[in-house]
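Single-structure report; data block below.
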Ligand SMILES: Cc1cc2nc3c(=O)[nH]c(=O)nc-3n(C[C@H](O)[C@H](O)[C@H](O)COP(=O)(O)O)c2cc1C
């Protein structure tokens, strides 16, 4: 059964090349496991949406949860869904604009239109944290 999984974690001060390396891992692995989703990073915390079959999500979460580049992983949502919100994104890095007050409007245009209102609300609230 298809599921969506949303978590936050902490990774203070990751550099651009470290983020690029994480996205490169996603590109290596997520297609084979049919994992889709996106992640946001605010300079201190990640929020990541993962979508896929339960076994594939378990496989990737085992790796992600033991990755020393972040800590304090906390699961916000883990629920069965009928369809993916972002079937074409292996793992998109959605970049936050610098000005916190502009982030909400910028994200409205960047998040997939198929994202549930519930997940959208959580992600918008994450994005305005400083
Ligand atoms: C915030 C965060 C998100 C990650 N997301 C994924 C992911 O979606 N898929 C993935 O394969 N690895 C992801 N990783 C990396 C894994 O923890 C792990 O390093 C990687 O799967 C190892 O595979 P590789 O040897 O092919 O790089 C993530 C790491 C972090 C810190």
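Coordinate-derived values only; no laboratory data. No experiment lies behind these values; they were computed from the predicted model shown. When we count neighbours, we look across all protein chains shown, and the Cβ atoms used for this are built from the backbone with ideal geometry, even at glycine.
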Scan the range 53-93 for residues that are within 13 Å of the ligand (Cβ to nearest atom) and assigned to a loop (DSSP other than H, G, I, E, B) and jot them down.
66, 67, 68, 69, 70, 86, 89, 90, 91
Exclusive hit being exposed (fewer than 13 other Cβ atoms within 10 Å of the Cβ), within 24 Å of residue 29 (Cα to Cα) and free of Cβ contacts under 8 Å to residues at least 60 places away in the same chain, set 68, 80:
68
Filter the range 83-110 down to residues that are in contact (Cβ under 8 Å) with a residue 40 or more places away in the chain, in contact with a helix residue (DSSP H, G or I) (Cβ under 8 Å, 6 or more places away or on another chain) and farther than 19 Å from residue 9 by Cβ, then give me how many there are.
2
Out of the range 7-38, which residues are outside any loop (DSSP other than H, G, I, E, B), within 15 Å of residue 89 (Cα to Cα) and in contact with a helix residue (DSSP H, G or I) (Cβ under 8 Å, 6 or more places away or on another chain)?
29
All conditions in (1) in contact (Cβ under 8 Å) with a residue 60 or more places away in the chain; (2) touching a helix residue (DSSP H, G or I) at 6+ places or on another chain (Cβ under 7 Å); (3) assigned to a strand (DSSP E or B); (4) near the ligand (Cβ under 10 Å from one of its atoms) are true of residue 50 except (1)
Would you check which residues across the range 89-107 are within 25 Å of residue 24 (Cβ to Cβ) and surrounded by fewer than 11 Cβ atoms within 10 Å (Cβ to Cβ) and list them?
98
